[in-house]
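So the structure is just underneath, and the comments pick up after that.
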Amino acid sequence: MASDYTPFVIESSSLSDSRKLVREKIIPWEGLARAGIISNDQADLIKILETQNAVSKRETVLNSVDLYAKTILNLLNKLEINSRDDVLKSVLVLISDLLTDPDAKLFLSSLLGLSKVDSALPFGPFVKHLENNDMLIKSLSFYNLTILLVAGSREGINADKEVLITLFNLVCSKHYIGNAADQNSQFIGVQLLQELVIVKRYRDIFQEHNLISNFKSINTLIEVSARKPNSVNFQLLYYVFMTVWILSFSSTLNKTMVHNFPQLIGNLLTVSKESIKLKVVRVAISTLKNFVAVTINSSEQYSVVKLILFYDGLNIVRTIQTRKFASNGSDDELSSDLAYLNDTLSEVVTNKLSSMDEYLVELENPELLSWSSPTHKSSDFWQGNAHKFKDNNFKLVKRMLEILSADETQEGGTKPKVIMLNDLQFLIKNLGSDIINYLNTENGGQYKLLIMTLLEKNGGDNELKYEALRTIQHLVGHA
C-alpha cells in the first residue's frame, strides 16, 4: 500500500452517530461460539477489542493483522443476511474504523491480500450484505466495499464488473441518491458514487451500464436544488456537482448527459448565477466549461454551445464575471473558465448563430419547446427557413412527427405536440403541396393519420385537439 494513500472518510454526522452507538453495544461473542458460527479462539480474539480504545485496538489488530483480517472477514461471510444484525453492525463498524485509520494501513493491505487465496475476497462478503434490509448495515457494507475497491484499483486488485454494476444501480436508486425523502441517504450516496467514479475503470463501467437510468436520479437532485440554490444543503449540492464534474472529463459521457438531460445545462447556469457559495459556483462553471471543451467533435461542441446560449448562457457568464470573487483575480481557475466560456460563446453568437439554430435546439430537445421562443409565432422566420425543412428528404419534418408520436407521459406532456402542430401549419402555408404530398404519401399515409388520431383522442388536451383540427384544415384547404 502506497505510503501517501489516505482512505476515503465519508462526511456524515448521522453515520458517525450510528457508528458511535454500535461501538457502545456489548456483543455476546461466546454465544456465537456456542452456535458454531465462530470458534472459541476466534470469539476470544474479537472480544479482546471491545474493552480497548481506538489506539490499543489498532495495536492489537496490527500485532496479528493477518489473523484478524481472516477472522473478521470469515465472520462477516458466515453471518446470514437479515440475521444477527447487532453482530453484523459491530463487525462492519470495526472494519470501517480500521480501514479509515491512517495508521492501520496494514489491515487494509491484509484484507486485499486475501484475493490471492480466493478471488471472491475481500469484496464478496460485503456485496452479500448489501441486500440487508437495515440501511445502516447496507451503508456500512457499501462504505467498506468502496474503500477496498478504490485501494484495490491502485494495487491491481479489481472486483468483477458485476460488483460495480450492482453498486452503481444501488447508489442511484431510491435507497440513496434517488431518495428524495431522506437527505442523509442522498448525502452518503453522492459521496460513495463520487469516490468510485474517480477511478477510471469504474467510471467506464458506470458509463457502459445503465448510465441514463442511473444519472436520472442525479439530474433530479440537481433540478430540485436549482429551484432554490441558496435554500439547500450546500455541501450536498457541492458533492453532486463534483460528481458530475468528474464525469465531464469524458467526451462520450458528456454527449450522453447533455443529450439526454439538456435541462442540466440550464440548472448549472441557474446555480452559477444565483448561488452565494463560491465553491459551488466554481465547480458548476468548470463543469459547463468541460461540456464545451471535452466533446467528441466540433459538431457536438456547437450543439452544446447552442444549448448554453438557449439558456441565456452568455449573459449569465458575463454577469458572473462582474462579481467580486471572479473579477478581483483571487480565483485564477474560475476566471480562466469564465473567460473560455465567454470567448467561445461570443464567437458563435457573432459568426454562426441564427434563429434557425435556436429552433434546432428545441427540436433536438423537445422538453425545451416553449412559446417563449419567437420562432413559433414568427411569419418571417417560417418564410425565410421553410425551404430548409425539405432538405434530406424532409429530415426535420420527420423529427417533428417523432415528437408528435412520443409518449405524453414524458416530461412536458402535450405542450411539445401543440407547438409542433402549430409549426406544421406554418410549413403548410409556406411549402404547400410539397409537404402535403409528403404527409399524405410518406410511410403509407401514417403521418396524416397520426395528426387525425390526435384530433380524435378521447379525453385529450383541448388545446392539442384544437391545433390538430387547424392542421387538418390547412391540409384539406391546400389540397
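The values are calculated or read from the model by the stated rules, or taken from the named source; none is laboratory data. What you see is a predicted model, and the numbers here were worked out from it, not measured in a lab. Heads up, the Cβs are rebuilt from the backbone with ideal geometry, glycines too, and the neighbour counts pull from every protein chain shown. Note: accessible area is taken over every heavy atom of the protein model, side chains too, but ligands, DNA and RNA are not part of it. Shrake-Rupley method; radii C 1.70, N 1.55, O 1.52, S 1.80 Å.
Match the structure shown to one of the listed values [x] 24, 58, 18, 1; [y] 20, 41, 27, 11, 1; [z] 21, 53, 26, 1 of P(r) over Cα pairs in 20 Å bins from 0, in percent, computed from it, and give that label.
It is the one labelled [y].
Suppose only helical runs count, i.e. DSSP H with n ≥ 4. What mean residue ellipticity at 222 nm does that imply for the chain under -39500 (n - 2.57) per run, divided by all residues and rounded to the nearest 500 deg cm²/dmol?
Details: 28 runs with 336 residues, N = 479.
Value at 222 nm, helices only, nearest 500: -22000 deg cm²/dmol.
Which order do peptides 401-407, 432-438 fall in by mean Cβ count within 10 Å, highest first?
Values: 401-407: 14.9, 432-438: 16.4.
Final packing ranking: 432-438, 401-407.
Kindly write out, for the range 249-254 in residue order, the coupling ³J(HN,Hα) from the Karplus curve 6.51 cos²θ - 1.76 cosθ + 1.60 (θ = phi - 60°), rounded to whole Hz, with x marking Gly and Pro.
8, 10, 5, 6, 5, 4
For the chain, what relative contact order do you get, as a whole percent, if you take Cα pairs closer than 8 Å and at least 6 residues apart? Walk me through the numbers before you get to the answer.
Details: 507 pairs, mean separation 37.7, N = 479.
Taking the mean separation of contacting Cα pairs over the length of the chain, I get 8 percent.
Please compute the alpha carbon radius of gyration of the range 343-448, then divide it by the globular-protein estimate 2.2 N^0.38 Å. Two decimals is fine. Could you put the intermediate results ahead of the total?
Values: Rg = 14.5 Å, N = 106, 2.2 N^0.38 = 12.9 Å.
Normalised Rg, Cα atoms only: 1.12.
At what distance in angstrom do the alpha carbon centres of the range 99-117 and the range 59-77 lie from each other?
Centre-to-centre distance over Cα atoms comes out at 10 Å.
Net charge around THR166, counting only other residues with Cβ within less than 13 Å of its Cβ (Lys, Arg = +1; Asp, Glu = -1)? Present the calculation step by step, with values, prior to reporting the outcome.
Working: positive: LYS128, LYS138, LYS161; negative: GLU131, ASP160, GLU162.
That sum, taken over residues with Cβ under 13 Å, equals 0.
For the range 432-445, what does the Karplus curve 6.51 cos²θ - 1.76 cosθ + 1.60, with θ = phi - 60°, yield as ³J(HN,Hα) per residue in whole Hz, taken in order and with x for Gly and Pro?
Whole-Hz 3J(HN,Hα) from phi for the range 432-445: x, 4, 4, 7, 5, 4, 5, 5, 7, 10, 5, 6, x, x.
Listed here are the pairs LYS20/LYS128; LYS277/LYS352; LYS128/LYS289; which of them are more than 29 Å apart at the Cα?
Beyond 29 Å: LYS277/LYS352; LYS128/LYS289.
Using the structure shown, list the pairs from LYS398/LYS465; LYS161/LYS398; LYS174/LYS228; LYS174/LYS395; LYS377/LYS448; LYS273/LYS377 with a Cα-Cα distance above 28 Å, or answer none. Could the numbers behind the result be given before it?
On the way: LYS398/LYS465 21 Å; LYS161/LYS398 40 Å; LYS174/LYS228 22 Å; LYS174/LYS395 40 Å; LYS377/LYS448 23 Å; LYS273/LYS377 30 Å.
From the list (LYS398/LYS465; LYS161/LYS398; LYS174/LYS228; LYS174/LYS395; LYS377/LYS448; LYS273/LYS377), the Cα-Cα distance tops 28 Å for LYS161/LYS398; LYS174/LYS395; LYS273/LYS377.
Dipole magnitude of the range 380-478 about its Cα centre, charges +1 at Lys/Arg Cβ and -1 at Asp/Glu Cβ only, in debye to the nearest 20? Working shown, then result.
Numbers: 12 positive and 13 negative charges, 48 e Å.
So the dipole magnitude of the range 380-478 works out to roughly 240 debye.
Would you mind working out the magnitude of the charge dipole of the chain relative to its Cα centre, with +1 at each Lys and Arg C-beta and -1 at each Asp and Glu C-beta, to the nearest 20 Debye? Before the final figure, lay out the partial values.
Details: 49 positive and 54 negative charges, 75 e Å.
It comes to approximately 360 debye.
Amide H of SER173: which non-local residues (sequence gap of 5 or more, or other chain) have their own amide H closer than 5 Å, using H built in the peptide plane?
GLY178
What number comes out for the charge environment of SER286, summing +1 per Lys or Arg and -1 per Asp or Glu over other residues with Cβ under 9 Å away? Present the calculation step by step, with values, prior to reporting the outcome.
Numbers: positive: ARG282, LYS289; negative: GLU333, ASP337.
With Lys, Arg at +1 and Asp, Glu at -1, the net is 0.
At 1.4 Å probe radius, can you tell me the per residue accessible area of the chain in Å²?
Values: 21330 Å² over 479 residues.
I get 45 Å² per residue for the chain.
Calculate how steeply helix 54-63 sits against the longest principal axis of the alpha-carbon atoms of the chain, using the helix alpha-carbon long axis, and give the answer as 0 to 90 degrees to the nearest 10.
70 degrees
Taking +1 at the Cβ of each Lys and Arg and -1 at the Cβ of each Asp and Glu, which of MET135, LEU108, TYR202 sits farthest along the dipole of the range 55-204 towards its positive end, judged by Cα position relative to the Cα centre?
Working it through, the farthest residue towards the positive pole turns out to be TYR202.
In degrees, nearest 10, range 0 to 90: what is the angle between the Cα axis of helix 446-456 and the longest Cα principal axis of the chain?
Compared with the principal axis, the helix lies near 90 degrees.
Given an 8 Å cut-off on Cα distances and at least 6 residues of separation, report the relative contact order of the range 380-478 as a percent. All intermediate terms of the calculation are to be shown ahead of the outcome.
Details: 79 pairs, mean separation 27.7, N = 99.
Relative contact order, the range 380-478: 28 percent.
Specify the angular offset, from 0 to 90 degrees and rounded to the nearest 10, of the alpha carbon long axis of helix 13-23 from the longest principal axis of the alpha carbons in the chain.
20 degrees
Straight-line reach from LYS70: which lysines have Cα under 16 Å away, leaving out those fewer than 8 places along the same chain?
Leaving aside lysines fewer than 8 places away in the same chain, those within reach of LYS70 are LYS47, LYS78, LYS105, LYS116.
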